[in-house]
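Asker: Below you will find the structure I want to go over with you.
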Amino acid sequence: MNASPTSSSRVAGRLSARRRSLASAAFVGVVLGVLGMLYAALAPGGQASTSADPAVQRGRDLYNQGCSSCHGFAGVGARRAPSLIGVGAASVDFQVGTGRMPLQHHGPEAPRSRVRYSQQEILDLAAYVASLGPGPGIPQFNDADWQKADTAYGGSLFRTNCAQCHNFAGSGGDLTYGKYAPSLSKSTPRQIYEAMVTGPENMPVFGDKQITPDQKLAIINYVRTIKSQADPGGAGLGRVGPVSETVVGWLAGIGILVIVTLWIGARA
Amino acid sequence: MADTSKSGAGETAARKGLRYVDDRLGTAGFLKRSFNKVFPDHWSFLLGEIALYSFVIVLLTGVYLTLFFHPSSSEVVYNGSYQPLRGVPMTDAYASTLHLSFDVRGGLLMRQIHHWAAILFVCSIAVHMFRVFFTGAFRKPRTLNWHIGVTLFILAVLEGFAGYSLPDDLLSGTGIRIAYSVMESIPVVGTYLAYFVFGSNFPGVDFIPRLFIIHVLLVPGILLALISAHMMIIWHQKHTDFPGPGKTEHNVVGTPFYPTFLIKTNGFLFLVFGVCAALGTFAQINPVWLYGPYNPSQVSAGSQPDWYIFFLEGSLRLMPNLESNIWGHTISWNILVPGVVLPGIMFNLLYAYPSLEAWITKDRGFHNLLQRPRDMPVRTGLGVMSLTFYGILYIAGQNDVIANTFHWSLQGTTWVLRVLIIIGPPISFYIARRWCLGLQHHDEELLHHGHETGIIRRLPSGEYIEVTKPLPPERAEVLAMQLGHDLSGHAALPSSENGHGPSGNGHRPVGMMARARGALEGFFFERHEPPRANPEDDEPKTLTRP
Amino acid sequence: MSDEDKDAPRTAAEASGSVFERGKSPQKRTGEPRTTGGTSSAKEIEGEVLAGGSMGADVPAKMRTARKIGRRKPLTETAAAAQEAMFTRPSDEDGTHAVPAEAFGLEHDPAQVDPREEKFAELQVSALFGLAALGVIGFVLGFVLMDFHRALGRDLNFVIGGSFTVSLLGLGAGLVLWAKKLLPHDKAVQERHDFHSPEEEELAAEDVFLKGATEMGLGSRKMLRRSLLGAAALLPIPAVLMLRDLGPLPGRSLRHTGWKPGIRLVDVETKLPIKLGDIEIGGIATVMPDGFDTTEHYALAPTILIRFAPGEIRSKKEASWGINDHVAYSKICSHAGCPISLYEQQTHHLLCPCHQSTFDMADDANVIFGPAARRLPQLAIEVDPEGYFVAQKGYTEPVGPSFWERG
């Protein structure tokens, strides 16, 4: 198969998923930076990576500065943050690329936030973490992949595997005790793919043997399609179902009509 | 102005037409009475008209939808113009809804107007019911019309749920699944009931055609008949009105039906239709194409029914997980109580309330003048209490969306609501009742002192007083009547109707029911003893409040 | 802008004198159940109302903007005569009685009507009606000319829906404005009749009814009465029996899910069997028994297959019914039957989106929150020689919501 994701993504790191418990972390801000730099200055350098690849080298420096305070040197993990050995480049690209890492607040769910690294830095970090142990790689797509993807089939798969948490239109939904499945409105196809293969936080892992890369592309294409498609009936009202419709019905519908009755009932 | 010959011709034609009908039906007397029929014109009397007109809109658009909808569960493969569902197997009902939405010009518009008008129909019935309740318009002689109204409300909810379920999309299928489970939970007959209604185990193929006939024929027929009865009774009994100058229990003051009221109310019909059309154009409702076809193995986050079922969804969510197994039979209280018993109690209380209140207050009189909410603090308190109870269930029916919006803990919101459902209603009763009594107090001050003018005068003795301006006599008279004072030798309005007020009953209660009634009466009229107002007495009255 | 009428009483109160004075003339307000007639007639009311001049408003006249427009003259002479008759005729036999608006304190002084303003009002109303007509034209143009399928039909909907809205709102607003600005504002007073019939009539009707009842002899002819009651009580039975074939009897069908010993677990979408190792750690799949045709026919069969990391399963029974950290549970909620698969792979919670029952999947689907009363039933699974998951046996208890015969 010459399917879209690069071959590295097929080497799925299937031991990796459970190790990450991203929701359990974090010192932040200046303290974190200072500590990181201290470590970077004092440490003799990561033992795990002896690669001569310059990306890995740069990644290691970034890692030691920004990540090692929680995840430990060479990604061995610590009490407050999971080991990163074997999580793969896809995980780094997803977590850092969506701004979830570095973690800003300790809470039940790591929210999507401002991305703190440049694209190149993320790739360097990913290369370094990938060098720690085998894991899913960063998927690559091209236009030909999308043409193959069967949107309607993807929709069925989406409703079976994704809609229960992310809602019928990917608007997100609530989970237990403050956790939630985020909206897919800002997710790029690559991030959706990465989330499926790595299972960030509490999301189940959907490995390539269960949902094949082609099926994943079909799902992503469905999400892309409905995200970009028009709402033929007017304002989409957040695409969350009857709750927002109800608010509109009471406020705009009955609200306006009550004002109309006041107008009609008022003496001229 | 039209020239005389033209208007003359028009007049002749009109007379001819009216004669034609009268010669055959003898309608002249009826017409004259109807044209002269007087309608009071308070704005809140138009709330029921919203319901009437949205029903008209629902009927009109609904007939259009039946021309395209296929009430069938047979499986087809979608091949229409909505690309993201092409090739997906689905029921004919769902496929025809997609066809109606994407391949019939204006079909989606009609579907959306139909759905919005249905939402507004139930909403306006509820709002209308609040008005009737809080103003005491349900009292004798309008008790029967209240009962018809409650029936209309229940039928409207059922009709709405049936319509929401027909397209057989993922969301409505989930709703039907829950309805099936609620039926199953009924002791002894539940399983059989569910099997007979659905024609088999869930989901079966018979349910959608059956539901269709219920939705387009059975329930609308009953609704139409009951709405007609509702209107005819209003027409016969004449509308209630708020007390005001010149208004008595024995007259009705307002606009004649023809022409002014007729033109206004027709204008209102089009305005309601216009608002529905605006919503149908600019606010998307029930996008079934996004939900996908129903599949018993799939579900979407945030699966909600339409608003009028929220309270049932909420009560199911808040209920603790009780289930018992007695002699080999399972009773699932966790569904039976919130899904069957609770709505049964709620609707029966609605039916019974007018009789209950009449029994407690011993009020057997006829009432054409309305009360303000403050005039009956306990009734208002009970109403607000019920609304609070309903409102908490209503919120619980969407707590996942609320929790997700504010990133609260889902379980936390459920617990907060579980506590609120216990303590909220009594607190709201207390607040509402105190509020009413406070407003009564304010009215008393207004009645006895008049408006504050803000002018401070210094008396020769050095004392400072604020000058107040007495109320105009008409206003004072109406206010006194509303407050239950016997200002001018007339019987006062609200409580002591027919001398059956709290103190008007000199008999000692005998028997348990009578004693209970007596106690409840004391509770109902737990308000100030109306001061014996002496018209010449300008001294401020002190208010004895509980 | 109108001038203040200096001669007019400042308030209605001044005009009508003391309320206590007027109160001396008795005026009934209570609705007594058994009084017939004898109520204040519309004539008296009108007299009272008119005597007060501009009665009713408690606000000084200068605080109220005077009405500036209003039809003061009827269009035709015949209509004028009719209106005149209404004003002069004391009361119709139906008690209807028109009263000029001034009687209720509504200023409607013809002298203050500016003909230009009336003309302007007519223009406003006509403009709204014209807008309604334009809306229809817009609708037709959009319907005929626009490309239906552009943006899934949204653009067409905007155009025809928007113009339809404009049409309806224009017509409605025009009608209301017409009534408010150009139609007479006269108030009418109508007498209310008693809601019950005169007592003698009631008695007569009751007598006729009772006479007939006596003639029928339902009280004296016991055999007749009992046989009639018996027949009437039995009559609905055929109607109930006729409903018998609405559906089959449940029998034991709620206990059958389609799962049998040795049947393979197949993915609900691809219908392909699942091998040990296909599911990642922390992964889930929705599975059905092999050979299922549609989910509709197997509505109780959907099952979720979960793979834990080694050592995460806390329940011994759960682990022994599963294989290699894979376990299978019914996807149908034990509360109200929604399919549940909101699975959190770190906390092992499974959440139902309908009523939020939460199950701890690492502890044999124990209910840790919400209205569900029972654990989800577990499907015992094993792996066949080819490495595919198969059911060891069917579900050992009924799947899904409770029912009376469940036991």
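The values are calculated or read from the model by the stated rules, or taken from the named source; none is laboratory data. Bear in mind the structure is a predicted one, so any value in this text is a computation, not a measurement. Don't worry about glycine lacking a Cβ; one is built from the backbone with ideal geometry, like all the others, and counts go over all protein chains shown. Just so you know, the surface numbers come from the protein's heavy atoms only, side chains and all, with ligands and any DNA or RNA stripped out. Shrake-Rupley method; radii C 1.70, N 1.55, O 1.52, S 1.80 Å.
Asker: Is there a residue being under 24 Å from residue C:279 (Cα atoms) and touching a residue at least 24 places away in the same chain (Cβ under 8 Å) anywhere in the stretch A:170-178?
Answerer: Within the stretch A:170-178, one or more residues are under 24 Å from residue C:279 (Cα atoms) and touching a residue at least 24 places away in the same chain (Cβ under 8 Å).
Asker: Let me confirm something: among C:172, C:217, which residue is more than 10 Å from every other protein chain (Cβ to nearest Cβ) and open to solvent by less than 20 Å² (accessible area, probe 1.4 Å)?
Answerer: The conditions single out C:217.
Asker: So residue C:161 passes all but one of these: (1) among the small types (Gly, Ala, Ser); (2) touching a residue at least 40 places away in the same chain (Cβ under 8 Å); (3) out of contact with any Pro (no Cβ under 8 Å at 6 or more places or on another chain); (4) at the interface with chain B (Cβ under 7 Å from one of its Cβ atoms). Which condition number does it fail?
Answerer: That leaves (2) as the condition not met.
Asker: While we're looking at this one, here's another question. Being more than 25 Å from the chain's Cα centre (by Cα), open to solvent by 80 Å² or more (accessible area, probe 1.4 Å) and within 14 Å of chain C (Cβ to nearest Cβ) narrows it down to one residue among B:460, B:470; which is it? Outline the logic, then answer.
Answerer: Numbers: B:460 fails: within 14 Å of chain C (Cβ to nearest Cβ).
The match here is B:470.
Asker: For residue A:232, all conditions in the list (1) in contact (Cβ under 8 Å) with a residue 12 or more places away in the chain; (2) within 7 Å of chain B (Cβ to nearest Cβ); (3) of a type outside the set (D, E, K, R); (4) part of a loop (DSSP other than H, G, I, E, B) hold save one; what is the number of the exception?
Answerer: In the conditions (1) in contact (Cβ under 8 Å) with a residue 12 or more places away in the chain; (2) within 7 Å of chain B (Cβ to nearest Cβ); (3) of a type outside the set (D, E, K, R); (4) part of a loop (DSSP other than H, G, I, E, B), residue A:232 misses (1) alone.
Asker: Take the conditions within 14 Å of chain C (Cβ to nearest Cβ), part of a helix (DSSP H, G or I), out of contact with any Cys (no Cβ under 7 Å at 6 or more places or on another chain) and of a type in the set (Val, Ile, Thr) and apply them to residue B:360. Does it pass?
Answerer: no
Asker: Every residue in the stretch A:107-151 that is within 14 Å of another protein chain (Cβ to nearest Cβ), touching a residue at least 60 places away in the same chain (Cβ under 8 Å) and of a type in the set (S, T, N, Q), please.
Answerer: A:151
Asker: Given (1) out of contact with any Ser or Thr (no Cβ under 7 Å at 6 or more places or on another chain); (2) surrounded by fewer than 20 Cβ atoms within 10 Å (Cβ to Cβ), identify the lone condition not met by residue C:405.
Answerer: (1)
Asker: On to the next question. Filter the stretch C:295-344 for residues that are polar (S, T, N, Q) and open to solvent by less than 50 Å² (accessible area, probe 1.4 Å); which is farthest from the chain's Cα centre (by Cα)?
Answerer: The selected residue is C:315.
Asker: Picking from A:254, A:220, which residue would you name as being within 14 Å of chain B (Cβ to nearest Cβ), in contact (Cβ under 8 Å) with a residue 60 or more places away in the chain and over 30 Å from residue C:118 (Cα atoms)?
Answerer: Matching residue, one of A:254, A:220: A:220.
Per-residue answers, yes or no, for (1) on the phi > 0 side of the Ramachandran plot; (2) modelled with pLDDT of 90 or more; (3) open to solvent by 20 Å² or more (accessible area, probe 1.4 Å); (4) in the same structural domain as residue B:304 (by TED's automatic domain parsing):
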residue	(1), (2), (3), (4)
B:185	no, yes, no, yes
B:222	no, yes, yes, yes
B:228	no, yes, yes, yes
B:234	no, yes, yes, yes
B:260	no, no, no, yes
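Asker: Further question on the same structure: Among what's in the stretch C:192-205 and is open to solvent by 40 Å² or more (accessible area, probe 1.4 Å) and under 16 Å from residue B:141 (Cα atoms), pick the residue that is nearest to the other protein chains (Cβ to nearest Cβ).
Answerer: Ranking the candidates gives C:195 first.
Asker: Every residue in the stretch C:139-158 that is more than 7 Å from chain B (Cβ to nearest Cβ) and among the small types (Gly, Ala, Ser), please.
Answerer: C:142, C:151
Asker: Here is a further query. Taking the stretch A:204-217, which residues are more than 7 Å from every other protein chain (Cβ to nearest Cβ) and within 17 Å of the chain's Cα centre (by Cα)?
Answerer: Of all residues in the stretch A:204-217, those more than 7 Å from every other protein chain (Cβ to nearest Cβ) come to A:208, A:211-217.
Across the stretch A:204-217, the qualifying residues are A:216, A:217.
Asker: Open to solvent by 70 Å² or more (accessible area, probe 1.4 Å) and closer than 26 Å to residue C:401 by Cβ, is that true of residue C:261?
Answerer: Against the criterion (open to solvent by 70 Å² or more (accessible area, probe 1.4 Å) and closer than 26 Å to residue C:401 by Cβ), residue C:261 qualifies.
Asker: Could you name every one of the helices (runs of 4 or more DSSP H) located completely within the stretch A:110-191 that has at least 2 residues being open to solvent by 10 Å² or more (accessible area, probe 1.4 Å) and within 28 Å of residue B:295 (Cβ to Cβ)?
Answerer: Where helices (runs of 4 or more DSSP H) fall fully within the stretch A:110-191 and carry at least 2 residues being open to solvent by 10 Å² or more (accessible area, probe 1.4 Å) and within 28 Å of residue B:295 (Cβ to Cβ), they are A:143-148, A:151-161, A:163-166.
Asker: Identify all residues within the stretch B:391-420 that are more than 14 Å from chain A (Cβ to nearest Cβ), within 24 Å of residue B:175 (Cα to Cα) and open to solvent by 30 Å² or more (accessible area, probe 1.4 Å); write none if there are none.
Answerer: B:418
Asker: For the stretch B:270-317, give me each residue that is among the aliphatic types (A, V, I, L, M) and either within 29 Å of residue B:205 (Cα to Cα) or more than 7 Å from every other protein chain (Cβ to nearest Cβ) (or both).
Answerer: B:285, B:288, B:290, B:299, B:301, B:309, B:312, B:316
Asker: Regarding residue A:216, is this residue open to solvent by less than 10 Å² (accessible area, probe 1.4 Å) and either among the charged types (D, E, K, R) or touching a Cys at 6+ places or on another chain (Cβ under 7 Å) (or both)?
Answerer: Numbers: open to solvent by less than 10 Å² (accessible area, probe 1.4 Å): yes; either among the charged types (D, E, K, R) or touching a Cys at 6+ places or on another chain (Cβ under 7 Å) (or both): yes.
Yes: the conditions hold for residue A:216.
Asker: Run residue B:251 past the list (1) crowded, with 24+ Cβ neighbours inside 10 Å; (2) within 14 Å of chain A (Cβ to nearest Cβ) and report the number of the one that doesn't hold.
Answerer: All conditions are met except number (2).
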